[in-house]
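> Got a structure here, written out as structure tokens. Questions coming.
The values are calculated or read from the model by the stated rules, or taken from the named source; none is laboratory data. All figures in this text were calculated on a predicted structure; none of them were measured in a lab. Positions of Cβ are generated from backbone atoms using ideal geometry, with glycine treated the same way; all protein chains shown enter the neighbour counts. In case anyone asks, the SASA skips ligands and DNA or RNA and just uses the protein heavy atoms, side chains included. Shrake-Rupley method; radii C 1.70, N 1.55, O 1.52, S 1.80 Å.
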Protein chains: 2
Amino acid sequence: MRSDLEIARDIQLRPIGEIASAYGIPDDALEPYGRYMAKVDHRLGTKAEGPARGKYVMVTAITPTPAGEGKTVHTVGLSLALNKIGKKAACAIRQPSMGPVFGIKGGAAGGGFSQVVPMEDFNLHLTGDFHAAAAANNLLSAAIDASILLDNPLEIDPFTVTWRRVVDCNDRVLRQIVTGLGGKANGVPMETGFDITSASEVMAILGMSDDLADVRRRLGRIVIGQNRKGEPVTADDLECAGAMAAILRRAIDPTIMQTTEGTLAFVHTGPFANIAHGNSSIVADRVAAHHVDYLVTEAGFGADMGAEKFFDIKCRASGMRPDAVLLVATIRALKMHSGQFAMVGGKLPPELSDENVEAVRLGCSNLEAQVKNVRKFGVPVVVAINRFPTDTAAEIALVQERALAAGARAAEISEVHGKGGAGGEAIARAIVAAAESGEADFSPLYPDDMLLADKVKRLAHELYGAETVEIAPAAAKTFATLEAQGYGHLPVCVAKTQYSLSHDASLKGAPRGFAFPVREARLAAGAGFVVVYAGTVMTMPGLGRTPAYKQVDIDENGEVIGLF
Amino acid sequence: MRSDLEIARDIQLRPIGEIASAYGIPDDALEPYGRYMAKVDHRLGTKAEGPARGKYVMVTAITPTPAGEGKTVHTVGLSLALNKIGKKAACAIRQPSMGPVFGIKGGAAGGGFSQVVPMEDFNLHLTGDFHAAAAANNLLSAAIDASILLDNPLEIDPFTVTWRRVVDCNDRVLRQIVTGLGGKANGVPMETGFDITSASEVMAILGMSDDLADVRRRLGRIVIGQNRKGEPVTADDLECAGAMAAILRRAIDPTIMQTTEGTLAFVHTGPFANIAHGNSSIVADRVAAHHVDYLVTEAGFGADMGAEKFFDIKCRASGMRPDAVLLVATIRALKMHSGQFAMVGGKLPPELSDENVEAVRLGCSNLEAQVKNVRKFGVPVVVAINRFPTDTAAEIALVQERALAAGARAAEISEVHGKGGAGGEAIARAIVAAAESGEADFSPLYPDDMLLADKVKRLAHELYGAETVEIAPAAAKTFATLEAQGYGHLPVCVAKTQYSLSHDASLKGAPRGFAFPVREARLAAGAGFVVVYAGTVMTMPGLGRTPAYKQVDIDENGEVIGLF
């Protein structure tokens, strides 16, 4: 079998301007970055442009295994299949972090015959937006520490500073550090740490903004900590938000690339869905939706994670209304959800390839829960069974039956990984039927004017299956403070494990009866949400014993090898 | 008076492909980055291309004040003036670090009517090479710490690790930090720190390499510390250099931009000249020199700093032979070198605008020393007097007289800042006369096969004016170890203050009789030199009380304002 990189290399790439032109995006709205990438002016999709003509389809998944369900593959693949059946379609996905690229998984550009190409550009730097986000984030950090050292005119209380530095690398030793050692010339010693760039509020701001002016305003609202009176101190107070906006002035423009079948792909921002809001940008979706019949956009991890944040955070802010959802499942992951299997040395156990209808039956509890979770937002759901050669007819039939019983509008086999768009015509037709049915009646799960704790409780009870919610005193205090400061209307962004509907990665299927722990809450005033940490959540991954970087190199022609 | 940014904004920019084409650089050798920047294939200038046709002119300066002598202005301006008198010319300069851009000085794209444009792209990100260098640098850091934590198969002695992380920001609190706190999951606690990206050996490797394959080999040779037996541990031992090369595969291609007069400018790599080797890349100079009659390249700070490293490090490696040197001086800086004036609140004192022939006379000792320093490398020198409105005829005449007496081939007034190329015809004609005279007979100051300590001593005695050289025991031990390990043939790269010929910034003019202290030495095996630290040298700047970032913002059109 050819690797993703080998398949990608064989694609006859077309100049990106030609691809854009076929969608009616004019050349003067593009800034080329090499021959096969361009930034497109985000103003093609500001609110002033009015509602977009394209149908809006979001791709989510069951609770995934670490091997992934093929969600990016299906975001790309569904857009290919929609083109195959006569709909002008594009996809919108997130830029990958180089942390995981060199840490555990190699590339993230889709896979097989449903990829975004060139995959090495996609996976390495793209057009530099991650770097810009980190530079803006870290300038603010330096500004904070310099201000504290140099007379502290804002009377910042050093112990309240929550703003952390970021780096786009899996670097565990930076999670908890002490800075400012070595005497006064080196600043005031502080306990702090680095998060991965995907977790930066700056990244979230790029994803949530309407335009560059909105980026500027949101940057100014960032709260970095408190002064000695307990009042919030912002990036505007530090006179730093203007420079941050200057650093980010091109990062608000989405990047366009092409798929393995020469259709259009938008790539923009890269917040993780476990520790951040997990969706590509609002501006990318808006620009795209103005130029297609169908826009297929991705939300990270399972439907309790990225999809919930898509509905409650992204659509609440953008005003865009989804018409249909594709929910991806694999038979092997459903078997894992039976609870009868365990990972072996970081890999899925080989017995998953054997027919095991009973395991599928047990594991379908997760599929049912996630289908029902999406239905609670009023949007019709199509289940895509991401077919593997070892899946049997009995297993597939069972999944289809259970999906429909849970409320899916359709459940179809998909082979977009192996066949590209031609392998996804069944899901494409089902999505078109769902989107054109007019069934969609989107609403978020909770109103703005609910208490922050109640918002979390609603998510925990209605989506995650929790019996009780245990809010730690520190979190309760933060909620109260934020509500008193006027931030109570914001949505919540739950940071929890992506490997369970619950907060505990070991609980498979559709766990019930557990107590959902809320450990800590942190305001992201610029992004426009309150991040709520459930259980222990790492905001900086680490490198393992067999890191992906060891496989990566360049060959004698200067081409990248070893990205998967 | 219009600001540099305002002047730059009024320039009618031409598509970068048109500019390149006028120099015979074909379109298929370019990767566009927006409309006005492109990366040019570095293979247009590999050694295999043979000697270049263009004359090779380096621009240096007297020992500068913090306000600068106008060296970048003259690198750009001389190339404009050469075009004006009928020579096809281009300039090659370094990419600026965003640290100083937001720290002390605003922009670094030249100034007035001798600028590289668009100056906001030049100063912010350019084409992302700094970010790529930092990402490669920091991946290696993460790999080192992960390897130590996870069984330490290479038996790295944690106390010997000299590889530090980098960030492109003036962030003093990162100079000295402790990482890996919070328990075993967060790694092994270590004392370490961040340097600014300009100081990274990865940056130096980009600048010193012949091509991408050479980058890969040099990355593999990086020594990060020692194992428990005292043997060097390399990036190749960590199996990390391949991924680093993949991260850097586009960063080895120089960026081209245009000047205020539509001529070609190469911008590539950005090592500081005080703490690193201080020159733009070898590949940029090679590609450029193949496409011009005259290439004007810049070396950072005074002739004892960047110019010495240009000759002893860069030209030694590249085999390129300089034909002439332009040495820039301002009357105001020469007055400062009299030792009769002091900086006032970080600024030059206003009395420098008053005629003061006696101060100029005293300060000319620095000009003389720097002219003689350049002459020791066998290259003819033209002095450019960067004219200010307050300079008087008597002051200028004195400088010309002293420059010629010290061995300069000519000393001409330059007004390229205010008039562009038209203000530099005198220096251009003098440079052409010098370059075409055949006088140049370049040789480095010391041979490869001299002891490391003796190389430093030769520099200290012959260029800096030291009476004695005091090599600290730690440095002597490092020299001995490096010589035993086979690194003794490498050139030395002295890290010292840029504000004095000596190691002490307070010693102005041409100090004599001082003892030059060598505190520490560090191998840069990939870059191909040994960095020698004289006195206390900061490898991470800090932000001051009036940082430049506070002025920077975006306007209602999304344009950057406040860069100078």
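> Once the Cα atoms of segment B:1-128 are picked out, what are the Rg and Dmax in Å?
Cα radius of gyration and Dmax of segment B:1-128 are 15.6, 48 Å respectively.
> Only Cα pairs under 8 Å and at least 6 apart count here; give the relative contact order of chain B as a rounded whole percent.
Once divided by the residue count of chain B, the mean separation gives 21 percent.
> Along segment A:164-179, what does the Karplus equation 6.51 cos²θ - 1.76 cosθ + 1.60 (θ = phi - 60°) give for ³J(HN,Hα), rounded to whole Hz, x for Gly and Pro?
Those phi angles translate into 10, 6, 9, 8, 8, 7, 7, 9, 4, 5, 8, 4, 9, 9, 10, 10 Hz.
> Could you give the semi-axes, largest first, of the ellipsoid that matches segment B:433-493, computed as the square roots of 5 times the alpha carbon gyration tensor eigenvalues and rounded to whole Å?
Semi-axis lengths for segment B:433-493 are 29, 16, 6 Å.
> While we're here: Please enumerate, by chain and number, the lysines with C-alpha under 16 Å from the C-alpha of B:Lys347, excluding those fewer than 8 residues away in the same chain.
B:Lys105, B:Lys335
> Exactly which GluC sites (Glu not before Pro) in segment B:251-332 are in a DSSP loop and have at most 15 other Cβ atoms within 10 Å? Don't skip to the end; give the middle numbers.
Values: sites: B:Glu261, B:Glu298, B:Glu308; in loops: B:Glu261.
Passing both the DSSP loop test and the Cβ count: no residue.
> Here's another thing I want to ask about it. Which percent of the accessible area of segment B:1-44 is formed by carbon and sulfur heavy atoms (probe 1.4 angstrom)? Before the final figure, lay out the partial values.
Values: 1110 of 2280 Å².
After summing per-atom areas, the C and S share lands at 49 percent.
> Now for a separate question. Provide an ascending nm list, one decimal, of label-point separations from B:Pro153 to the equivalent residue in each further copy; define each label point as 7 Å from Cα along Cα→Cβ.
5.4
> Moving to a separate point now. Any aspartates and glutamates with Cα under 18 Å of the A:Lys88 Cα? List them, leaving off those in the same chain fewer than 8 positions away.
A:Glu18, A:Glu261, A:Asp285, A:Asp293, A:Glu298, A:Asp323, A:Glu425, A:Glu436
> How large is the translational diffusion coefficient of segment A:452-534 in µm² per second when you combine the Kirkwood radius over alpha carbon pairs with Stokes-Einstein at 4 °C and 1.567 mPa s? Walk me through the intermediate numbers first.
On the way: Rh = 12.9 Å.
Here the translational diffusion coefficient equals 101 µm²/s.
> For segment B:104-213, which whole-number percentage of the solvent-accessible area (1.4 Å probe, protein heavy atoms only) is attributable to carbon and sulfur atoms?
56
> Moving on to the next point. Tell me which lysines have Cα within less than 19 Å of B:Lys314's Cα, excluding those fewer than 8 residues away on the same chain?
B:Lys47, B:Lys55, B:Lys71, B:Lys376, B:Lys455, B:Lys496
> Taking the Cβ of A:Gly421 as the centre, find all other residues whose Cβ is under 10 Å away and add up their charges (Lys, Arg: +1; Asp, Glu: -1).
0
> Please sort by residue number the trypsin sites (Lys or Arg not before Pro) in segment B:32-139 whose DSSP state is loop and whose Cβ has at most 14 other Cβ atoms within 10 Å.
B:Arg53
> Separate question: Principal axes first, then extents: for the Cα atoms of chain A, list largest minus smallest coordinate on each axis, whole Å, largest first.
Between the extreme Cα coordinates on each principal axis of chain A lie 71, 56, 49 Å.
> While we're looking at this one, here's another question. Given the Cα-Cα distance of A:Gln12 and A:Glu520 and 0.36 nm per residue of separation, how much length would full extension add, in nm?
Full extension from A:Gln12 to A:Glu520 adds 177.9 nm.
> Assign one of three labels to segment B:129-247, namely rounded, prolate or oblate, based on the Cα gyration tensor with a ≥ b ≥ c the square roots of its eigenvalues; rounded applies when a/c is under 1.5, prolate when it is not and a/b is larger than b/c, and oblate otherwise.
Details: a/c = 1.97, a/b = 1.23, b/c = 1.60.
Since a/c reaches 1.5 but b/c is at least a/b, the shape of segment B:129-247 is classed as oblate.
> To two decimal places, what compactness ratio does the protein assembly as shown give when its Cα radius of gyration is scaled by 2.2 N^0.38 Å?
0.95
> When the helices in the protein assembly as shown are scored as -39500 (n - 2.57) per DSSP H run of 4 or longer and the sum is shared across all residues, what 222 nm value do you end up with, to the nearest 500 deg cm²/dmol? Let's see the in-between values first.
Working: 32 runs with 324 residues, N = 1128.
Helix contribution divided over all residues of the protein assembly as shown: -8500 deg cm²/dmol.
> Further question: Quick check: net charge around A:Ala243, other residues with Cβ under 9 Å of its Cβ, Lys/Arg +1 and Asp/Glu -1? List each step's numbers first, then the result.
Details: positive: B:Lys550; negative: A:Glu239, B:Asp553.
Neighbourhood net charge equals -1.
> So if I restrict to the alpha-carbon atoms in segment A:242-349, what is the Rg, and what is Dmax, the biggest pairwise distance, in Å?
17.2, 54
> To continue, here is another question. Could you calculate the FRET efficiency of A:Asp555 with B:Thr546 from 1/(1 + (r/R0)^6), where r is the beta carbon distance between them and R0 is 56 Å, rounded to 0.05?
Step by step, r from the Cβ atoms, then E = 0.65.
> With a point put 7 Å past each Cα toward its Cβ, work out how far B:Glu231 is from B:Leu451 in nm, to one decimal.
It is 2.8 nm.
> Provide an ascending nm list, one decimal, of label-point separations from A:Asn227 to the equivalent residue in each further copy; define each label point as 7 Å from Cα along Cα→Cβ.
Distances between equivalent label points, in nm: 5.8.
> Report the B-A buried area as the accessible area lost on both sides summed, probe 1.4 Å, in Å² to the nearest 100.
Rounded to the nearest hundred, the buried surface is 5900 Å².
> What FRET efficiency comes out for the pair B:Leu404/B:Ala474, r = Cβ-Cβ distance, R0 = 56 Å, nearest 0.05?
Efficiency at R0 = 56 Å is approximately 0.80.
> Per residue of segment A:490-507, in order, report the coupling 6.51 cos²θ - 1.76 cosθ + 1.60 (Karplus, θ = phi - 60°) as ³J(HN,Hα) in whole Hz, putting x for Gly and Pro.
Whole-Hz 3J(HN,Hα) from phi for segment A:490-507: 6, x, 9, 10, 7, 9, 8, 4, 8, 9, 7, 5, 8, 8, 10, 4, 7, 8.
> Would you mind pulling out the separation of the Cα centroids of segment A:384-445 and segment B:434-455, in Å?
73
> Same structure again: In whole Hz and in residue order, list the ³J(HN,Hα) couplings for segment B:392-406 that follow from phi through the Karplus curve 6.51 cos²θ - 1.76 cosθ + 1.60, θ = phi - 60°; x for Gly and Pro.
9, 4, 5, 5, 5, 4, 5, 4, 4, 4, 5, 5, 5, 5, 7
> Could you compute how much accessible surface B:Val325 exposes when probed at 1.4 Å, giving the result in Å² to the nearest 10?
The value for B:Val325 is about 0 Å².
> What's the FRET efficiency of A:Val188 with A:Ala397 using the Cβ-Cβ distance as r and R₀ = 60 Å, to the nearest 0.05?
E between A:Val188 and A:Ala397, to the nearest 0.05, is 0.40.
> A follow-up question, please. For label points placed 7 Å from Cα toward Cβ, what is the shortest-first list of nm distances from A:Arg35 to its copies?
2.3
> Separate question: Within the set of other residues whose C-beta is less than 10 Å from the C-beta of B:Glu439, count the net charge using Lys and Arg as +1 and Asp and Glu as -1. Each step should come with its number before you reach the end.
Numbers: positive: B:Arg409; negative: B:Asp323, B:Glu436, B:Asp441.
The answer is -2.
> Would you check the accessible area of B:Arg217, probe 1.4 Å, heavy atoms only, in square angstrom rounded to 10?
About 130 Å², ignoring ligands and nucleic acids.
> Between the chain alone and the structure with every protein chain in place, find the residues of segment B:10-56 that drop at least 20 Å² of accessible area; heavy atoms, 1.4 Å probe.
Residues losing area: B:Glu31, B:Pro32, B:Tyr33, B:Gly34, B:Arg35.
> Provide B:His74, A:His417 ordered by accessible surface of protein heavy atoms (probe 1.4 Å), highest first.
Working: B:His74 0, A:His417 65 Å².
I get A:His417, B:His74, largest accessible area first.
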